[in-house]
1. Could you give me the residue pairs with C-beta distances under 6 Å whose first residue belongs to segment 324-344 and is modelled with pLDDT of 95 or more, whose second residue is among the basic types (Lys, Arg) wherever it lies, and which are 6+ apart or on separate chains?
2. Report whether or not GLY475 is in contact with a helix residue (DSSP H, G or I) (Cβ under 8 Å, 6 or more places away or on another chain) and closer than 21 Å to GLU304 by Cα.
3. Let me confirm something: among TYR226, TYR237, TYR242, which residue is touching a helix residue (DSSP H, G or I) at 6+ places or on another chain (Cβ under 6 Å) and either within 30 Å of GLN401 (Cβ to Cβ) or not aliphatic (A, V, I, L, M) (or both)?
4. Scanning segment 212-246 for residues that are open to solvent by 60 Å² or more (accessible area, probe 1.4 Å) and of a type in the set (Gly, Ala, Ser), which turns out farthest from VAL518 (Cα to Cα)?
5. Looking at ALA350, ALA409, can you tell me which residue is within 24 Å of the chain's Cα centre (by Cα), at pLDDT below 95 and of a type in the set (A, V, I, L, M, F, W, C)?
6. Suppose we keep only residues that are closer than 19 Å to LEU383 by Cβ and among the basic types (Lys, Arg) within segment 346-363. Which one would you say is most open to solvent (accessible area, probe 1.4 Å)?
7. Are any residues in segment 413-440 more than 22 Å from GLY272 (Cβ to Cβ), aliphatic (A, V, I, L, M) and at pLDDT 95 or above, and if so, which ones?
8. Inside segment 365-390, can you point out the residues that are without any contact (Cβ under 8 Å) to a residue 40 or more places away in the chain and either in contact with a Pro (Cβ under 9 Å, 6 or more places away or on another chain) or within 30 Å of PRO415 (Cβ to Cβ) (or both)?
Amino acid sequence: MKEKVTKIISKIINSVWFVIIIAIIILGKTLLFYNQTVGEVELETILNTVSFIVVLGAILCTLPNKARVVGAIISDIVISILLFADHTYYIYARTILSVAQITNLQYGEEITKAIPILLSPVHILYFVDLLMLIALHYVKEIKIETLNKAKKRTIVARCLSGIIGITTFIVLCIPIAEKSSNSPYVKDIQIKEATIFGYHIFDIKSAFIKNNQTKYKDKETMLKDYEELKSEYDVKYGQVQYDLAGTLKGKNIIIVQLESLQNFVINKEINGKEITPNLNKFFSENIEFTNMYMQSYTTTADSEHSVLTSTYPVENGMAFSRYYTNTYDDLFKEFNEENYNTSYIHGNEAKFWNRGNVYKKLQVDNLILKEQLEEQEYINGFLSDETVYRQSVEKIAEFEQPFISFVVAASSHIPFELEGLQDRSKVNIDVGKYKNTFFGNYLEAANYADYAFGVFLEGLKQKGLYEDTAILVYGDHNGLNMYEENMLDFLKTDKELTDVDIRLNFSNVLCGFKIPGVQSMKIGKPVSKLDIKPTLTYLCGIEDGFSLGSNMFGSKDFVCLNNELIITDEYYYDEGWYDRETGSFIEVDTADEDLKSMLNTYYENMKTELDISNSIVHNNLLSLENK
C-alpha cells in the first residue's frame, strides 16, 4: 500500500498535475487573503486572479520537468510569504505593503517585535502545503525525474510555449495590473480591481516611475489649483468659530507627540482607576479636541511629516525619511523667520527614520536626540519617556525665548510591554481580565505614558515655564488593530458600536491644547495633523505659507486621510458614504440634491488635496528650482 501511494505521488510530482495542484492551492490562499482583508470581492476580481495564476501555471508547464517542479515550489513559497506579509501588515495598518517600504527593513528589530502580536491561527493556512512538501522531501522513494534525450527533443516546443505564455501575461495580465492606477490612494480598491498580484506588479512599476503617477508635474499648475481650492475654502469656511488670532504672539510653544495613544483612553477607568489621570486633568483644564484624526500609515515619522509640513504622508514613512531633501513651508522654517528658537527632542538615535538628516534639512536650532541626552532608562530600546521629559525640561529652560519645541515620546510603543521599565509601580492600574494580553499591555503602556507626561508638566511648573507656555499634545497614530477583540469588549461598556464607530475609533487620536488665558472648552469638529501648522501660525500672528490643513478654530467641517477617507461632523466616507450617528450606508444617487451635492463636493475636495500633496512630495514642487 505504501509503495502504491508513493508511486502515485511520484507520478503526480513528475507531471503537469503537480503545477495544477499548486495553482489550485495558490488560488485558495489568495481567496483566503481576500476574505481576511478587503472582504467580499466581485466575480471579476476572482476571474482576474484565476487569470494570473493560470498564466503562471502555463509558463511553469513549459519548463523541463525538474525546473517545473522547483519553479512551482518557489512560486508557492514566494506567493505564500507575500500573502502572509500583506495579511499581517493589513491587520495592523489596514493597508497593504508596498515595494517602496523595502528600506524599512533597516528597522527589522522594531518590525519583528510587532509580528508575534499580529499573528493568528489562520496564518498557518498560508504554509500548510509547504510543510507537506517539506515532509515529502524526506520520503526517499519519491524522485524528481530529469529530462531524458527523448524529452529534450521537445525543448523547441517548450521555448515556443514559454514565449506564448509570457506574451499572454503581457497581453492579459499587465492591463489588469494597470487598473490599480484608477484608485491611486485606496489600496483596497486597487486590490479589488486589479487583484493582489496586479496591485504588486503595478506597485513595483510605480516605484520606478512614481513622478509619472502624479497629477501635477510643475509648480505653476499645482499652485493654480491650490489657490482655487483655498479660495473655495475661504468663502465656505472663512468665518472662525473661536476668534483667537494672535493669542500666542511672542509666547513659548511646546508640542508633545505621544506614541500610539488613541482617544478612547481619555476619561476612561478600569477597575476604579483612571487610565490617563494626568491627561484627563490637562484636557479638562484646557482645550480638548475630541475628533483629532491621524493621516498616517501607523508610523510616528508620518505623523511628524504631516504636523511639520501640512501635507499628507505617502508610503509608510517614505515622505519623511526618503524625501527628506524636499523643500516645504515647514513649521520650523516659518517660526525661524519670526526669530523663534526652534528645537526637536527625541530619545532615539539620529539614524532612526533618518531623523538626523530630516531635522538638519528643516534647519532646527537645537536638534536633541539620544546622542545628546544622558542614558538613564530604556524602554523598548528607546530612552524612557520620563528620562526624555526630565532632560527636556532642563534643555528647554535654557533656550532663548520665545521658543517652539517639539518633544516626541516613545515608551507606549508596540509591543507595549514596557520592557526595561525599572519601577513597575509607575503603572498604577489593574487591567484585570486583560492582564498579559496585547490590549492589557496597551492600557498599561498608556498609563505609564500618562505618568511620564505628568512628570513633564510638573517639571515645567518647577522651572516657571508652565503658566505662560502654550502646550499642544496629541497621539501620533493608532496603537491597536481596528477590530482588536479585547478593545471592542472594553468599548462596549459604553454603547453598542456600529462598524463606522469602530473604523473611526481606529484613526481617532487624543488631542489637547493649553493656550494661556483661554478658558477650558471641548471642541468636537473634525481636525487633523495637517491643521496643526496653520493653527499655530494663526495663533502667533505669523503668515503661513503652503498648508493643506486649516485653522483648528475655524469652521471647516471635514478632514481627509491619505487613503481617501473623509470624516465630517455627520458623515463618513470609506468607499461609500455612511451616516456617523446610525452607521447606515447612504445611497448617494437616490439622496436629495442638496445632500448629494454636499457629499460630492467633499469627495472632489479630498481628491484635489491628495493629488496636490502627492505631487508635492514626489516631485518636490515647492523647491525653488520648480518655479
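The values are calculated or read from the model by the stated rules, or taken from the named source; none is laboratory data. As the structure is a prediction and not an experimental result, all values here were calculated from the model. Don't worry about glycine lacking a Cβ; one is built from the backbone with ideal geometry, like all the others, and counts go over all protein chains shown. These accessible areas exclude ligands, DNA and RNA; they are computed on the full protein's heavy atoms, side chains included. Shrake-Rupley method; radii C 1.70, N 1.55, O 1.52, S 1.80 Å.
1. LEU331/LYS533
2. For GLY475, the condition - in contact with a helix residue (DSSP H, G or I) (Cβ under 8 Å, 6 or more places away or on another chain) and closer than 21 Å to GLU304 by Cα - is met.
3. The conditions single out TYR226.
4. SER231
5. Exactly one of ALA350, ALA409 is within 24 Å of the chain's Cα centre (by Cα), at pLDDT below 95 and of a type in the set (A, V, I, L, M, F, W, C), namely ALA350.
6. LYS351
7. Listed by number, the list holds a single entry, LEU421.
8. LEU367, ILE368, LEU369, LYS370, GLU371, GLN372, LEU373, GLU374, GLU375, GLN376, PHE382, LEU383
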